[in-house]
Amino acid sequence: MSVPAKVNPELAKANFRHDYDMIMVNNLADNYQWMLMPYFDKLILYADLWSTDEQSSRLDDYHLKLDLSYYRSWPPSVTFINPNSRSFDLRTDQKWFPKLASAPPGTEAQFHVSYNFGDGPRQLVCNSMALEYYQSNHSPNQDQRWNPERHNFGTTLSTIQLLLRKPYYGGRLA
């Protein structure tokens, strides 16, 4: 498997804008009640979403930073963040990081608040729809692998949304 590499920023920006427009036209953000804040020039998307119970009632708010510097050749990088600082400090921000009770059947998934990458520890949304999965040397099978012809950052967000739904959602880390 190849090592993820950043793509031409203009190409990434064009794909980001195109997919954002498609997600908005198709009401995906409204359907999931996401608040999306794109910064196309910086290749960053901030997304606010909610964990839910089995009846889709809101439980806890979560905030993500997606870095689309590798997009669409690879999925976005995903980081859970403190909504006030728009960053994550392992010592003080664990309430902004979720736990999984279990993964959905047939889905490989886990949340790691601190995973040791070659360049140091950082978060890992351990699922093939997140860049860090590939940077941590996971090898998905063909059905799990990111496919830029059929996946976009909406796939990443909807996968995380599924993981934040009971019975898979296990509450806040702290």
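All of the numbers you see were taken from the coordinates with simple rules; none came from a lab. Keep in mind that this is a model prediction, so the values were computed, not measured. Counting neighbours? That spans all protein chains shown, and the Cβs are built from the backbone with ideal geometry, glycine included.
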Here the stretch 22-36 yields Karplus 3J(HN,Hα) values (6.51, -1.76, 1.60; θ = phi - 60°; whole Hz; Gly and Pro given as x) of 5, 5, 5, 4, 8, 6, 4, 4, 5, 4, 8, 6, 8, 9, 10
Of the lysine pairs in the chain, how many meet both conditions: Cα atoms under 14 Å apart, and a spacing of 8 or more in sequence or different chains? 4
The equivalent-ellipsoid semi-axes of the stretch 32-105, taken as the square roots of five times the Cα gyration tensor eigenvalues and listed largest first in whole Å, are 22, 16, 13
Using only alpha-carbon positions, what ratio does the radius of gyration of the chain give when scaled by 2.2 N^0.38 Å? 0.97
Using modelled amide H (1.01 Å from N, peptide plane; none on Pro or chain starts), what sits under 5 Å from the amide H of G170, excluding residues fewer than 5 places away? K99, L100, A101
May I ask you to compute the full-extension gain from A101 to S139, defined as 0.36 nm times their residue separation minus their alpha-carbon distance, rounded to one decimal in nm? 11.4 nm
Environment charge of Y71, counting only residues whose C-beta is closer than 15 Å and scoring Lys/Arg +1, Asp/Glu -1: 0
